[in-house]
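The values are calculated or read from the model by the stated rules, or taken from the named source; none is laboratory data. Please read all numbers here as calculations on a predicted model, not as lab measurements. Every residue, glycine as well, gets a Cβ built from its backbone with ideal geometry; the counts of neighbours run over all protein chains shown. When the accessible area is computed, the model is the full protein with side chains, heavy atoms only, and any ligands, DNA or RNA have been set aside. Shrake-Rupley method; radii C 1.70, N 1.55, O 1.52, S 1.80 Å.
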Amino acid sequence: MSPEYFDAHLTPLGWQQVDNLRKHVHSSGLIKKIDVVITSPLLRTIQTAVGVFGGEGYTDRMDVLPLMVANAGNSSRAAISSLDCPPILAVELCREHLGVHPCDKRRSISEYQCLFPAVDFSLIESDDDSLWKADVRETKEEVAARGMNFMNWLFTRKEKEIAIVTHSGFLFHTLGAFGNDCHPLVKKEISSHFANCELRSMVIVDRSMVGSDSSWTNYPGKIPSGIDLPSDGVDEKNQEKDTPNSLQK
């Protein structure tokens, strides 16, 4: 709830996790297959998207914009090139749980454009954050509905291999709407919380098609290990503390 966490940036631990996922994405060959990267327009997800899927170190060229300028978001990181990498597109629909929490409020798009010149923000209509409300938090049902709208929007994309950089809370509520016709263990796996910088590969197919093999591109995330709790989890812990009859273990 602290205002100092407004549009929170990646910590040094977060950047280590990004670097390790980047190595996996390159060593597995996945980077060569991605047609487009969709990212939530919050600082931590944009940093993750450019850090994992962006080009190598940027050198000044008049004809090429950097994906990220040096030290963007107090990162102490060098600029990142937009050469030899998939396009990165920011989309509001896959933002984290909206409202109340300052860490989930975004800054203006014009600020982001200065920090991430080669990221495409053209699909975002409002420069200022008109979706986040200081006194109203989205319900879990509203997050899930927004998630379904996002999935429906994905179906309109012409690309086949799409990387999505988003948030644990958003994914939990969105994916929880899937798998109701599956075995309970499959349903549980689909909707389980993601770790920081975890990569899961999913295939969205027609019901008549079946695919059961686990993907070779999955990555466990949270490497190095560290604090890893989505904002929903913080809410639940606070509620437990406020319940007089709760058991302490």
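What tally of residues in segment 135-153 results from selecting those that are part of a helix (DSSP H, G or I) and either open to solvent by 20 Å² or more (accessible area, probe 1.4 Å) or under 11 Å from residue 97 (Cα atoms) (or both)?
The number of residues fulfilling the criteria is 13.
Any residue in segment 118-130 that's over 27 Å from residue 83 (Cα atoms): show its pairings with residues that are of a type in the set (Val, Ile, Thr) at Cβ separation under 8 Å, as long as the two are six or more apart or on different chains.
Final answer for the pair search is 126/109.
List pairs: first in segment 66-85 and hydrophobic (A, V, I, L, M, F, W, C), second open to solvent by 30 Å² or more (accessible area, probe 1.4 Å) and not in a loop (DSSP other than H, G, I, E, B), Cβ under 9 Å, 6+ apart or cross-chain?
As it stands, the answer is 68/115; 69/114; 69/115; 72/114; 72/115; 78/57; 79/57; 80/57, since those pairs meet every condition given.
Could you tell me which of the residues 123, 83, 89 is in a loop (DSSP other than H, G, I, E, B) and at pLDDT 95 or above? Can you show your working first?
On the way: 83 fails: at pLDDT 95 or above; 89 fails: in a loop (DSSP other than H, G, I, E, B).
Only one candidate qualifies: 123.
Name the residue that is most open to solvent (accessible area, probe 1.4 Å), counting only residues in segment 156-184 that are within 15 Å of residue 203 (Cα to Cα) and of a type in the set (Asp, Glu).
161
Kindly provide the set of residues from segment 108-120 that are part of a helix (DSSP H, G or I) and among the hydroxyl-bearing types (Ser, Thr, Tyr), ordered by number.
Correct list: 110, 112.
Within segment 6-34, can you find the residues that are open to solvent by 30 Å² or more (accessible area, probe 1.4 Å), touching a Pro at 6+ places or on another chain (Cβ under 6 Å) and part of a loop (DSSP other than H, G, I, E, B)?
The one that is open to solvent by 30 Å² or more (accessible area, probe 1.4 Å), touching a Pro at 6+ places or on another chain (Cβ under 6 Å) and part of a loop (DSSP other than H, G, I, E, B): 6.
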